[in-house]
1. Using a/c under 1.5 as the rounded threshold, could you call the range 75-185 rounded, prolate or oblate? The axes a ≥ b ≥ c are square roots of the C-alpha gyration tensor eigenvalues, and prolate needs a/b larger than b/c, oblate otherwise.
2. So which GluC sites (Glu not before Pro) in the range 404-477 are both in a DSSP loop and have at most 13 other Cβ atoms within 10 Å of their Cβ?
3. To the nearest 0.05, how large is the calculated FRET efficiency for LYS181 and GLU431 if R₀ is 25 Å and r is the Cβ-Cβ distance?
4. List, in order, the whole-Hz ³J(HN,Hα) value for each residue of the range 58-64 obtained from phi through the Karplus relation with A = 6.51, B = -1.76, C = 1.60 and θ = phi - 60°; use x for Gly and Pro.
5. Starting from the Cα of ILE458, step 7 Å along the direction of its Cβ; do the same at LEU270; then give the gap between the two resulting points in nm.
6. With a cut-off of 8 Å between alpha carbons and a minimum separation of six or more residues, what is the relative contact order of the chain in percent?
7. So for the pair ILE291, GLU122, with labels modelled 7 Å out along Cα→Cβ, what separation do we get in nm?
8. Tell me, what is the percent relative contact order of the range 75-185, built from C-alpha pairs under 8 Å that lie six or more residues apart?
Amino acid sequence: MLRRTTLAAAALLAAGALVLTACAGGTDPTASSTSGTADPDASVVIRLVAEPGNLDIRETAGAALDQILIDNVYQGLVSRTADQEVIPALASDYDVSADGLTYTFTLREGVTFHNGEQLTPEDVVWSLQQVKDTDTYRDSARLARVSTIAADGQTITVTLSEPDSTLLWNLTGRAGLVFKKDDTIDRKTAANGTGPYALTEWKQGDSITFARNDAYWGDQAQVAEVVFDYIPDTQAALNGALAGELDVLTGFDANLTSQIEAGGDFAVTLGKSTDKGTLAMNSAKAPLDDIRVRQAIRQAIDKNAIVEALAAGQTQYGPIPELDPGYADLESVAPFDPSAAEKLLAEAGAEDLTLTLTIPSFYGTTVSQILVSNLNDVGITLKVDAVEFSAWLQDVYINRDYDLSFVLHTEARDFENWANPEYYFTYDNAEVQQLFSDSLSATDEAVAAELLQKAAKIVSEDMAADWLYNGASVVAIASGVTGVPTVNTNERLNLTELVKSAG
């Protein structure tokens, strides 16, 4: 579960003139909703799959940080709902000029950080400027078109050198998070935000605990405590749920639905997501530098079999999932056809290939077993190297030392990765880069989406990678627990509406 250059995500919102006024906090209309009397002293235990290596969301890759910290602990001027609507957060309202070059935000008054210090306009300017000026900060490049960031009283003005259709969206993520200026905490192990929950404990290798922030500027959280239990193994998570040790299970295996629902204490929901099961192919090294080999690999893989085995999600044949702007059905570019794959390999003189698939170990074996079988059918021997995520980050993401790699890219609107030749995908196409740049400059949402669609088709036609499936958010929720997000839960888990019934 990755973030773009952090392994992950963003693009596109129209930059026409608009004014939005907010309610507090970012309600998620897709959250689970059943009746019950809230227990304000309740503790809710949530199973998550991937634990972060550290808590510094400015510099550390991996969506495991976004999933729990954004909205809950850290906030920006704006946020977004699970259905991709941008809404005010630390800003009470905002305005975008007609030319798309000036963004004006009104900062809320009376907001405090978890350490009790006041949020000031200087904190906002400093936070954004730090991101823009520090290349090692994740999403720094997302503010590349920002010229100036200034405060006048409670008004924050962001001026651009040229229009950026993604700016508002980018500010809902890491690029827009607001920190206390010159805070001295060690963000690798601690957190000091403005959100409805405060970090109270991290038992590395086990769990992270949040407590309700009683001084929160918006509607207070309706549970006293949230405990994130990191349980990579789904069977172990199922056992924990059946033993009454868990209230919510994200990243659940849909094949186990009947088992967890059997006693009537849990219900499984399938929500949409922007999860992209991505098979990266290192085109910087032979034999994957030959487009015929890459196409053969794509046409050898039975996507429907993968979706059926996962019992959730849908097929995907290009870099943009259905929920994102620029989506198109690209199945015709490389349809499942083992015979065609064998011919392509023969033409490339690449029969009897042996390749290695590097995959984080927490993904299990379902996908890799299908890939081994499918590729074996066309004469490719696939060796599977299941590694710790830290090893994957070092070897694949940083060093780009791999043949094939599988990772579930969870982030919404992350097409920019295909326009970045330095990204671990190793894909470099000047036309795609120009189309993406043009989409950023578009001030009309439809035009921006059309440009992305064109670029995505080129990426697919270049056989830059394969997209094995568009995953579903599979969440098991205990009876008496409501307000649990059910869309894009691998990317963001806004717990503003979380409720646990008394008794």
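1. Rounded, because the longest to shortest axis ratio a/c is under 1.5.
2. On the way: sites: GLU411, GLU416, GLU422, GLU431, GLU445, GLU450, GLU461; in loops: GLU411, GLU422.
Within the range 404-477, the qualifying GluC sites (Glu not before Pro) (loop, at most 13 other Cβ atoms within 10 Å) are GLU422.
3. 0.05
4. After applying 6.51 cos²θ - 1.76 cosθ + 1.60, I find 6, 10, 9, 6, x, 5, 4 Hz.
5. In this crude label model, ILE458 to LEU270 measures out at 3.6 nm.
6. This gives 25 percent for the chain.
7. For ILE291 paired with GLU122, the spin-label model returns 5.6 nm.
8. For the range 75-185, the relative contact order is 32 percent.
Laboratory data are not the source of any read-out in this text; all were calculated from the coordinates shown. Treat the numbers as computed from the prediction; the structure is a model and nothing was measured. Counting neighbours? That spans all protein chains shown, and the Cβs are built from the backbone with ideal geometry, glycine included.
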